[in-house]
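Q: Take a look at this one; I'll ask things after.
A short reminder: the numbers here are calculations on the coordinates, not readings from a lab. Here the structure is a predicted model, which is why all the values come from computation and not from measurement. Cβ atoms come from the backbone with ideal geometry, glycine included; neighbour counts cover every protein chain shown.
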Amino acid sequence: MAASEENSALFPIFILTIMAIPLVPYTVMKLCRAASKKSKSIHCNCSECVRSGKYRKSIFKRISNFSTYSNLTLILLWAVMIFLVYYIKNMSREIQVFDPYAILGLEPGALDSEIKKNYRRLSIQYHPDKNPDPEANKYFVEFITKAYQALTDPISRENYEKYGHPDGRQGFQMGIALPQFLLDIDGASGGILLLWIVGICILLPLVIAVIYLSRSAKYTGNYVMHQTLSAYYYFMKPSLAPSKVMEVFIKAAEYMESPVRRTDDEPLHKLFMSVRSELNLDLKNIKQEQAKFWKQHPALVKTELLIQAQLTRKSADLPPTLLGDFRRVLELAPRLLEELMKVVLQSMRNIRNTVSVITSKDAGLVSLKDDSLKDDYINITYITCYIGQSRRDEVESFASLSLFVTFSNAVAYVSFCCHFPPISVSFHAMAVIPRTSQGLGWLRPATGVVELSQCIIQAVPLTARKATGGSTEGAPFLQLPHFSESVIKKIARKKVRTFEDFRDMTLQERAELLEQVAGFSSDKVTDVEMVLGMMPSVTVEVRCETEGEEGIQEGDVVTIQAWITLKRANGLVGALPHAPNFPFHKEENFWFLLADPVSNNVWFSQKVNFMDEASAIIAASKAIEDTMEGSGASVKETSAAVREAVQKVRSGSRLVMGKFPAPAEGNYNLTCYCLCDSWIGCDMKTNLKVKILKRTRAGSRGGLVTEEGPNAEDGIEEEEEDEEEYDDDYESEYSEDEEDKKDTKKKGPAANGKVHKKDSSSEGSGSDEE
């Protein structure tokens, strides 16, 4: 029993160790994240942002932000650990090694006379005849008497001095650090040890794994549901205006799962009447259009109306029952828009197929419209089962499992799930295969997604992107504090027709314009200047080349290198955008696109962020180092190039590098876009001419200079020469619901792999409407 008590005493130490192994590193990681997040909180301090309370550090808000499930669990676990440390500390005082010298208050090796003297002194203090206290009696019998016997008996004293114990050498013992009741195998609790081992070591990890896998299987690595990706792939088309992008965006599974209550009907109808002009309804058939709108899935109707409430800044009129849903819609919007952007830019397309399956208990037979897709990966959107001629709605769906499978595996799954007589099963599937032979993304929907993101963050209606009075684009102005449609019309009369004209004015000119024409006070003018100082100005230096070669031939792997430089009037590099009407923190991101506006193809794309300087330095250093080593540069040259890249990053630049296959022979008039997902009017584009040569024999690429066109070093052309040629390449698409007319590809002499001059920021959504 003594051994079991000693083992039981070690149980708190065992539990403390098991808890500390994962808890300490997780806490350190969480603190580091909190510190980095705090350092990034550089936000706008205009009166509207202060009034919104989004960045206000009140006590209640700090408590609510801190009181998350993970933080409370973390605090509880640390409280348990502190209690265990305190318990172990006190327990160590109770469990002491038997030391007769210490008990009698002697130094090791004391003489017999000293031992007897101290024993008599302690006897007077603790002997039952002298001290009636039961604790004193217990201490005298169990400790003082045994210590005196151990030191006065020659054999016991010799054993203690030689082996550290009066009884002589002690054998090596091993135990289990578990509570005593689990080790009481003689009693009724003998089987608890087995249950403990099975439950804690096997069942608990298994249950946690099953719950985690069942939940995580529904989501991608970006915490977006697989069903959302399926819907986006299915409904995405090469040419979509922002209004059509909205229709695709709201079909996310996260929004489809939002509850629609009966109490929501009346406030949603009121909201519909206030935002009806923004829904692109045909006014000639307004009744039919309204009926068609309300026939949609209730979750789609609710989501679109709540987004329109954000765009039109009508959220203050929402009842409390809708505010929670409104915040959830906006909280998910940036993540879903980013995923939609990736879907548009990925080199994939969707194929709609109906697969007929005849199943039984033993086998399945698949019949496809296109047998070539038999081994392609698909995502089942829905399954329809038939028993004879009657339809059976109770079916097993791959959509609920959120798995990409092959057609053959889909058939096997349906066969396995059907335990009734042979039936006919049809399921609609989405096959993910390359969109084009080159595997290019689509430019028009990509710009539409960015425009929608800008409008949601800045709470600006999509219709405001149209040119309004005096050819002034209203959308960029509406994101400024205290601006309205009437203010825009007033300043348009003073020949301020574009947002660029307004930004290019001096501080004094802007102040006079706003005070005298718009009637702004000095405080309002200060707010406007503060926001203008936060707005980014982006320039791009881009170069395309084939590593180790003079020109670019069809089929080559082309390397693109672009330096994107961001500047603000207030001197900051990374900052949160001015967005007083968006209730959540949002980092500004940029999308770099190398595209052909004529063919609507995106050749290369990459997301760029200016908030994390440390990660940008690491990425740029590695990319430059790999490039220099691949070109055979010396260590000194490589170090110099890396230092230059690091200096550029610290001064506000970001490196974009990637590769893409060269297309067929020809002259391509490409455009580099740098689109901001948070600001309107801060997009940038620059033209890039690339000449692709015909594939020749291996090693013979010299015809580039003498026959096909100018050499790369001699072919630099100023962008202004062809500026008019690109005026309509990147227009806002809100008023164009039909597809663009197909234009013939412009060709002409061009240079390969050279940096073209940077272009000015495009207005509004990057439009070039003059």
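Q: In terms of modelled amide H atoms, which long-range or inter-chain residues lie less than 5 Å from the amide H of GLY441?
A: VAL602
Q: Suppose we look only past 14 Å in the calculated P(r) of the range 491-545. What percent of the Cα-Cα pairs does that tail hold?
A: When every Cα pair of the range 491-545 is considered, 61 percent fall beyond 14 Å.
Q: What order do you get for 673-680, 142-149 when each peptide is scored by the mean count of other beta carbon atoms within 10 Å, highest first?
A: Top of the packing list down: 673-680, 142-149.
Q: So, one more: Mean 1/r over all different Cα pairs, inverted: what Kirkwood radius does the range 75-154 give, in Å?
A: 14.7
Q: Now for a separate question. Considering amide H positions built from the backbone, and no H for Pro or chain starts, which residues 5 or more places from PHE520, or on another chain, come under 5 Å of its amide H?
A: GLU515
Q: In whole Å, largest first, what are the principal axis extents of the Cα atoms in the range 440-528?
A: 50, 24, 22
Q: If I take R0 = 30 Å and measure r between the Cβ atoms of ARG643 and VAL28 in this structure, what FRET efficiency does the formula 1/(1 + (r/R0)^6) give, to the nearest 0.05?
A: Efficiency, from the Cβ-Cβ distance: 0.40.
Q: Can you run phi through the Karplus equation (6.51, -1.76, 1.60; θ = phi - 60°) for the range 226-236 and list ³J(HN,Hα) in whole Hz, with x for Gly and Pro?
A: My calculation for the range 226-236 gives 4, 5, 5, 4, 4, 5, 5, 4, 6, 8, 6 Hz in order.
Q: If you don't mind, there's one more thing I want to ask. Once you put a point 7 Å from the Cα of GLU515 and another 7 Å from the Cα of TYR163, both along the Cβ direction, what distance in nm separates them?
A: Label-label distance for GLU515 and TYR163, simple model: 9.9 nm.
Q: Okay, moving on. So what J values fall out for the range 525-532 if you push phi through Karplus, 6.51 cos²θ - 1.76 cosθ + 1.60 with θ = phi - 60°, rounded to Hz, Gly and Pro as x?
A: Running phi through 6.51 cos²θ - 1.76 cosθ + 1.60 with θ = phi - 60° gives 4, 4, 4, 4, 5, 5, 6, 4 Hz.
Q: Modelling each spin label as a point 7 Å along the Cα-to-Cβ direction, I'd like the ALA217/GLU665 distance in nm, to one decimal.
A: A separation of 5.3 nm, rounded to one decimal place.
Q: Given C-alpha coordinates of the range 462-578, what is the ratio Rg to Rh with the Kirkwood estimate of Rh?
A: Taking Rg over the Kirkwood Rh, I get 1.18.
Q: Could the peptides 334-343, 651-660 be put in order, highest first, of the mean number of other beta-carbon atoms found within 10 Å of their residues?
A: Those peptides, ordered most packed to least, come out 334-343, 651-660.
Q: Rounded to whole Å and sorted largest first, list the principal axis extents of the Cα atoms in the range 226-345.
A: Computed over the range 226-345, the largest-to-smallest principal extents equal 38, 35, 24 Å.
Q: Now a separate question. Using modelled amide H (1.01 Å from N, peptide plane; none on Pro or chain starts), what sits under 5 Å from the amide H of SER678, excluding residues fewer than 5 places away?
A: Amide H neighbours of SER678: ASN589.
Q: Please state the relative contact order of the range 212-337 as a whole percent: Cα pairs under 8 Å, 6+ residues apart?
A: RCO, the range 212-337: 28 percent.
Q: For the range 316-331, in order, what is each residue's ³J(HN,Hα) by Karplus, 6.51 cos²θ - 1.76 cosθ + 1.60 with θ = phi - 60°, in whole Hz (x at glycine and Pro)?
A: Karplus-based 3J(HN,Hα) across the range 316-331 equals 5, 8, 6, x, x, 5, 9, 5, x, 5, 4, 5, 5, 4, 6, 5 Hz.
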